[in-house]
C-alpha cells in the first residue's frame, strides 16, 4: 500500500474510535510514559496538543506543568512548512492557529538554547523499525533534521493499531528512539 492510501486507512481507523476508547488507551500510554521515562523538573520537553483522535496528551501536559517541566509546543507559521516551538506554561497561552490546532501565542518564549530532553511526536502511523508516517506536510521532518536535535530522545505516541510492519521511507525520515502504545513500548 502506498503512503497516501496507508495514511487514509490509518486515519479512518483512528477516527472510528469513540472518545471513551481514546481516553482509555491514552491513559495507558501516559502511564507507560510516567513509569518508563525520566521527566525531570526544569528539563525541557516538546509535546503536542492532540487533534482528530490522536493520543490524548492533556494528562501528560498537566503533569509537566504541575511538576515544573518546561513544556514547548509547535506553532506552524505562514511560511509554508515552517514550524517553531514555544514555551507554554498554562492552557490559556494556547489558541486555535493554522489548521485549527491549539498553538502557542507568539507572546510565549520561542525555543532556544540547549536541546529538549525528549520530543513526543504524534503520527498517523509507525512501523516496527520505528519510522513515523505523518500527515504529509513535512513539518516535523524538516524540524527534526536540524543538528541541535541529534541528542534529543524521539518518542512516537500511537495506538497499537497504528503500528504496521513496514512504511515506505524517504531519506529525510527520522527514526524514533521509542514508540509508546497502550500495550507496550517499542
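Coordinate-derived values only; no laboratory data. As the structure is a prediction and not an experimental result, all values here were calculated from the model. Cβ sites come from the backbone with ideal geometry, for glycine too, and all protein chains shown count toward neighbours.
For the reader, a short list of remarks on this structure follows.
- The stretch 42-80 - residue that is farther than 19 Å from residue 117 by Cα, in contact with a helix residue (DSSP H, G or I) (Cβ under 6 Å, 6 or more places away or on another chain) and in contact (Cβ under 8 Å) with a residue 40 or more places away in the chain and, of those, surrounded by the most Cβ atoms within 10 Å (Cβ to Cβ): 55
- Only one of 126, 186, 161 that is in contact with a strand residue (DSSP E or B) (Cβ under 7 Å, 6 or more places away or on another chain) and either surrounded by fewer than 20 Cβ atoms within 10 Å (Cβ to Cβ) or over 17 Å from residue 54 (Cα atoms) (or both): 186
- From the options 82, 28, residue that is farther than 17 Å from residue 139 by Cα and over 13 Å from the mean Cα position of the chain (by Cα): 28
- For the stretch 54-74, the set of residues classified as in a loop (DSSP other than H, G, I, E, B), within 12 Å of the chain's Cα centre (by Cα) and closer than 22 Å to residue 149 by Cα consists of 57 only.
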